[in-house]
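Chemist: I am attaching a structure below and will ask some questions about it afterwards.
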Amino acid sequence: MTALRRYPVLVALGVAALFMIVPFLIVAVNAVKSPAEYSQNGPLSLPDGLYLDGLKDFWERVDYSQKLLNSVLISGSVAVLAVVLSVLNAYAIGIGRLRGRTWILAFFVLANMLPQEALVYPVYFLSKEAGIYDTRLSVVIVFTVIQAAFGTYLLASVLGRFPREIVEAARIDGATKWQVLWRIVVPVSRPTLGVLLVFFFVWTWNEFLLPLVMLISNDNQTVSVALGVLQGQRLMDATMTNAAALLGLLPALVFFLLFQRTLTRGIAVGAVK
C-alpha cells in the first residue's frame, strides 16, 4: 500500500479508535470522582483525587464477588461448550457432507437471527417444566445452543474447504472418524476456534434480557443483571453508575486483552485463506 493510500486509512482508524476509547475514559474518570465534584464540574472534568467510595459501595451493595463468579462461570461454560458443540456439528456438515447441508445451515442461520424477545416465554416455560428455572445451568444451556448455532454456521463454511487429501490420507492410515476430528481437524482449525471462544465469552458476558428473566435470585444473578436491577431501583447516583459500568466492563476487557493474540492470529489466518 502506497503512502498516499496509507495515511487516509490510518486517520480513519485513529478516529474510530477515539470513538471507542473516549467513552471508556469518561466512565473511568467519573468512576473515581466524588458526587460533589461531578455536580460542580460536570462529567468531562478531571477529578481532584481518587474517590473510591462509589466502587466500594457498588461492590458491597450487589455482592459483586458473587456476581463476578456467576458471570465467569456462565460465560466460560457457554464459550467452551458452544465451541465443542459447533465443532461436532460442523464436522458432520462440513466434512461429513450431510445431505441437505444447505437447508441445515439455513436453519442454523434462522435460529441465530431469532430475536431474544421471541424466546423468553418458551425458554421460561421449558426451564420451569424441567425444574432448572432460576439456576445458572438453565442460562448455560440456552446460550450454549444460541452461540453454537452461529458457530456451526461459521465452522461448517470453514470445514467445507478443509483439504480432503489430508482427511483421506488419515483414513487410509487407519484413523477413525473421531481420530480425524480430534487429531487433525481440531488442531488445524485451532485459530478459528480461538476466535469463536473469545467471541462467545464476551457475547455471553454482555447478555442481559434472558439472564434477567431466568435468574431471579440474588445469588444467581450476573454482573449485567445486577447493574440493571440496582439502577432500576434508583439506588445509584451518577458516579456510582459509572463505577458500576467500570466494574462490569473490566473483566471482559481483561479477558479480551489476555486472548488478544489468539484473536489476531485467528483473523489473520482467515484473511490469508
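The values are calculated or read from the model by the stated rules, or taken from the named source; none is laboratory data. Just so you know, these numbers come straight off a predicted model, no measurement behind them. Backbone-built Cβ (ideal geometry, glycine too); neighbour counts: all protein chains shown. The accessibility values were calculated without ligands, DNA or RNA, using every heavy atom of the protein model including side chains. Shrake-Rupley method; radii C 1.70, N 1.55, O 1.52, S 1.80 Å.
Chemist: Provide Leu44, Leu197, Leu137 ordered by accessible surface of protein heavy atoms (probe 1.4 Å), highest first. Mind showing how you got there, number by number?
Modeler: Details: Leu44 140, Leu197 50, Leu137 95 Å².
Sorted descending by solvent-accessible area, the residues read Leu44, Leu137, Leu197.
Chemist: Using a 10 Å cut-off on Cβ atoms, rank the peptides 78-89, 170-181 from the highest mean neighbour count down. Numbers along the way, then the final one.
Modeler: On the way: 78-89: 21.1, 170-181: 13.2.
Order by mean packing, descending: 78-89, 170-181.
Chemist: How would you rank 13-23, 240-250, 33-43, 121-131, highest first, on the average number of other Cβ atoms within 10 Å across their residues?
Modeler: With the highest mean Cβ count within 10 Å placed first, the list reads 240-250, 33-43, 121-131, 13-23.
Chemist: Charges on Cβ only, +1 for Lys and Arg, -1 for Asp and Glu, centred on the Cα centroid of the chain; of Leu88, Leu215, Ala252, which one is farthest towards the dipole's positive end?
Modeler: About the Cα centre, the residue reaching furthest to the positive side is Leu88.
Chemist: Further question: Taking 0.36 nm per intervening residue step and subtracting the Cα-Cα distance, what contour gain separates Ile21 from Ile216 on full extension?
Modeler: Additional length available on full extension: 66.8 nm.
Chemist: With a ≥ b ≥ c taken as the square roots of the eigenvalues of the C-alpha gyration tensor of region 24-80, please select rounded if a/c is under 1.5 and otherwise prolate if a/b is larger than b/c or oblate if it is not?
Modeler: Note, shape of region 24-80 comes out prolate.
Chemist: Could you please state how large a percent of the accessible area of the chain is carbon and sulfur, counting protein chains only and using a 1.4 Å probe?
Modeler: Carbon and sulfur: 68 percent of the exposed surface of the chain.
Chemist: Report ³J(HN,Hα) in whole Hz for each residue of region 145-156, in order, from the Karplus equation J = 6.51 cos²θ - 1.76 cosθ + 1.60 where θ = phi - 60°; Gly and Pro get x.
Modeler: Along region 145-156, the couplings run 5, 5, 5, 5, 4, 5, x, 5, 4, 5, 5, 4 Hz.
Chemist: Go through region 49-62 residue by residue and turn each phi into a ³J(HN,Hα) via Karplus (6.51, -1.76, 1.60, θ = phi - 60°); whole Hz please, and just put x for glycine and proline.
Modeler: Each residue's phi maps through the Karplus curve to give x, 8, 9, 9, 5, x, 5, 5, 5, 5, 4, 6, 5, 9 Hz.
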